[in-house]
Amino acid sequence: MKSPFPWFGGKSHVADLVWERFGDVQNYVEPFFGSGAVLLERPTEAGIETVNDLDCMVANFWRALKNNPDAVADAADWPVNEVDQHARHLWLSSQEEFRERMKTEPDYYDAKIAGWWVWGQCSWIGSGWCSRQLPHLGDAGTGIHRKLPHLEDAGRGVNRQLPHLGDAGTGIHRKLPHLEDAGRGVNRQLPHLGNAGMGVNRQQEFVEDGEGISQTRDALFRYMNDLAGRLRRVRVCCGDWSRVCGPSPTVKLGTTGVFLDPPYLDGRTDAIYSTDSLTVAHEVREWAIAQGDDRKMRIALCGYEGEHQMPESWECVEWKARGGYGSQGDNQARENSAKERIWFSPHCLGRKQMGLF
């Protein structure tokens, strides 16, 4: 099954490889769940499955979808609308009580927030959707969070430079920069309009009784219910990654596959991760190395070339990301797409040196 929303660094392209190395494990744990691409492409539904994400919006979507797919679909069923996008962005970003309840109540979820979030995730361009760091409140930010103006061409939309001015203008006629964030007024970020849409907003063709029909509300509800069926027995947690990596949720439940896709350190872009820490990748690597020799552990660790120094007993597989951020023009993400690596622990199945392009 495909994920209902795009995600930076999604691993759908290598999901088959991961399951070849893990096999039909008794227990599966994914501490950085994101779009859930690896779990959703598992060949079989067997054993115990536990997923986690520190981002409350991500965890809430999957938890709400599992328990009330119709309500999530109803909230997500909305046309792409710039005004609604920014209004919902501001409202969702301000939900502090919701975030606290997500982290402290294992059964709590909000279907409306889940539907609005996935709708916006599919129409928002780039990073920053529902980030609590709102760059338009006060100034342009500082350090790595500073928002740089759009200077690559003549401007965008209502900010496009008018040909009769001859130059950038002066005084009240001076051209305004595009600020690459939610912005204010006419400078707000525009929704994704470059193709038929993404995720739940994508206009697809469904086949019923041999006839192709356009995407309908009923089709969206069926899709969400299919996803809910896949998640029926999946435990969805919201918190620090280490909470689902102790002995109790892993090896005490049998042979365990652990898929680790922590925030990358190299080549990062501002606000890619809604919740982020520069130490997480290091902590995850040290945990993986410490657990790697356990015969009940089959571990996959993701990162860029040179980011993790792993023992020689681990297999390193190189692969190239396709689509999404990895294909966007001549930028850092495009360069990094060829640097993707997955390290597999010694007790994974079918280990061999190989490349995947």
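Quick check on segment 51-58. Is at least one of its residues buried (at least 19 other Cβ atoms within 10 Å of the Cβ) and either more than 28 Å from Ala321 (Cβ to Cβ) or acidic (Asp, Glu) (or both)? Yes, some residue in segment 51-58 is buried (at least 19 other Cβ atoms within 10 Å of the Cβ) and either more than 28 Å from Ala321 (Cβ to Cβ) or acidic (Asp, Glu) (or both).
Sort out which residues of segment 329-348 are at pLDDT below 65, of a type in the set (D, E, K, R) and either more than 18 Å from the chain's Cα centre (by Cα) or crowded, with 20+ Cβ neighbours inside 10 Å (or both), and write them in order of number. Within segment 329-348, just Asp330 meets the criteria. Within segment 40-57, which residues are touching a strand residue (DSSP E or B) at 6+ places or on another chain (Cβ under 8 Å) and either over 16 Å from Cys245 (Cβ atoms) or of a type in the set (Lys, Arg) (or both)? Passing the criteria: Arg42, Gly47.
Of all residues in segment 33-51, those satisfying the criterion of being in a loop (DSSP other than H, G, I, E, B) and closer than 19 Å to Thr256 by Cα are Phe33, Gly36, Glu41, Arg42, Pro43, Thr44, Glu45, Ala46, Gly47.
For Gly326, only one of the following conditions fails: (1) outside any loop (DSSP other than H, G, I, E, B); (2) at pLDDT 95 or above. What is its number? That leaves (2) as the condition not met.
Condition first: surrounded by fewer than 20 Cβ atoms within 10 Å (Cβ to Cβ), in a loop (DSSP other than H, G, I, E, B) and among the small types (Gly, Ala, Ser). Now tell me which residues in segment 4-32 satisfy that. Result: Gly23, single match. The one condition from (1) in contact (Cβ under 8 Å) with a residue 24 or more places away in the chain; (2) over 22 Å from Cys245 (Cβ atoms); (3) not hydrophobic (A, V, I, L, M, F, W, C) that Glu30 does not meet is (2).
The values are calculated or read from the model by the stated rules, or taken from the named source; none is laboratory data. Keep in mind that this is a model prediction, so the values were computed, not measured. For neighbour counting, all protein chains shown are included, and Cβ atoms are generated from backbone atoms with ideal geometry for every residue, glycine included.
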